[in-house]
There are 2 protein chains.
Amino acid sequence: MFPDHIRRLAASVLAEFEFAGYMLATAESCTGGLVAAALTDIPGSSAVVDRGFITYSNVAKSELLGVPPSLILTHGAVSAEVAVAMAVGALARSKADVTVAVTGVAGPGGGTETKPVGRVHIATAVRRGPAAHKEFTFPGDRTAIRLATVEAALERLHTSRPRTNLR
Amino acid sequence: MFPDHIRRLAASVLAEFEFAGYMLATAESCTGGLVAAALTDIPGSSAVVDRGFITYSNVAKSELLGVPPSLILTHGAVSAEVAVAMAVGALARSKADVTVAVTGVAGPGGGTETKPVGRVHIATAVRRGPAAHKEFTFPGDRTAIRLATVEAALERLHTSRPRTNLR
């Protein structure tokens, strides 16, 4: 069911992580589990995928990932700050060496002038390493925005793959 | 990206829950987030979907959902007992009124004589109500088994929708 280019990218991320002996975890808001679903669509993914947090509501972001409610109040759930806090929170609450977090406006509702439909923040966190963040604005409808987010999240994992021993 | 019949079923579950004012949460092993992803593919799903737990590893099932390691050791991760414990654990760890949990052998590896590829256990738990469980054996490849599991999980949510005030 996933497009070929996403399956290829997921398989490549899993192969890189498995070769390095690293585990990953996901923290998803607007994609609602689709990043983890794309990864686990590949046979053998259990060697690499530890767990995933689908924090669709704001209270779930705080309760499951430790994102401070004040951070959500100040910057909004769709922000660089919250994406990074989600990735860092997932790292602290899993056995993963690398985590990826996504939060965005998938639409069709919920867009504003400063945060339009298609705005997505993706953060990665690496054990004993720095967190990274990137902002995107994807075109298209809800399904297109969610699929573009999955692709970008997998690309961020590919970019953030551990190069040194993290354990 | 989801087949039409799954989109229709997801939309119908969401409409029923929203009408009743109830929230739901998911706990997924073999589907790796695909049940929550199907639900959140429908616009407006945030009124109903609170959160999801992707507990791909056994340690994640225990840490995130409180499934006793001894239960996994005794019955195996793919069992009625673990599915029910996942659903009950998700209920206790969310704002949801109803939860659905899935654990199964998506293949192509991992099948045994007693637990063949395609064997899936789906459990639901309802606040102040009993937990329910059903066993399936789905045909086809990994993607077909995962999609059939998503459809069955949505049907179980449809069957388990609250009929009385749970709050």
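General observations
- The condition of being under 22 Å from B:Thr55 (Cβ atoms) and surrounded by fewer than 15 Cβ atoms within 10 Å (Cβ to Cβ) holds for only one of A:Ala96, A:Ala92, A:Ala153, that being A:Ala92.
- Candidates in segment A:66-89 are the residues that are open to solvent by 10 Å² or more (accessible area, probe 1.4 Å) and not in a helix (DSSP H, G or I); of these, the one that is nearest to the other protein chains (Cβ to nearest Cβ) is A:Ala77.
- So A:Val100, is it in contact (Cβ under 8 Å) with a residue 40 or more places away in the chain and either within 22 Å of B:Ala92 (Cβ to Cβ) or not in a helix (DSSP H, G or I) (or both): yes
- All conditions in (1) of a type outside the set (A, V, I, L, M); (2) touching a residue at least 24 places away in the same chain (Cβ under 8 Å); (3) within 26 Å of A:Ser46 (Cα to Cα) hold for B:Gly140, with the sole exception of (2).
- Top-ranked residue of segment B:48-65 - restricted to ones that are assigned to a loop (DSSP other than H, G, I, E, B) and touching a Gly at 6+ places or on another chain (Cβ under 9 Å), ranked as nearest to B:Lys95 (Cα to Cα): B:Thr55
- Among the residues listed as A:Ala101, A:Ala144, the single one being among the small types (Gly, Ala, Ser), surrounded by fewer than 16 Cβ atoms within 10 Å (Cβ to Cβ) and either in contact with a Lys or Arg (Cβ under 7 Å, 6 or more places away or on another chain) or within 14 Å of chain B (Cβ to nearest Cβ) (or both): A:Ala144
- Count - residues of segment B:45-65 that are facing chain A (nearest Cβ under 7 Å) and open to solvent by 10 Å² or more (accessible area, probe 1.4 Å): 5
The values are calculated or read from the model by the stated rules, or taken from the named source; none is laboratory data. Predicted model only: the values in this text are computed from it and were never measured. Note: ideal-geometry Cβ built from the backbone for every residue, glycine included; neighbour counts use all protein chains shown. The protein model used for the area step is the full one, side chains on, heavy atoms only, and it has no ligands, DNA or RNA in it. Shrake-Rupley method; radii C 1.70, N 1.55, O 1.52, S 1.80 Å.
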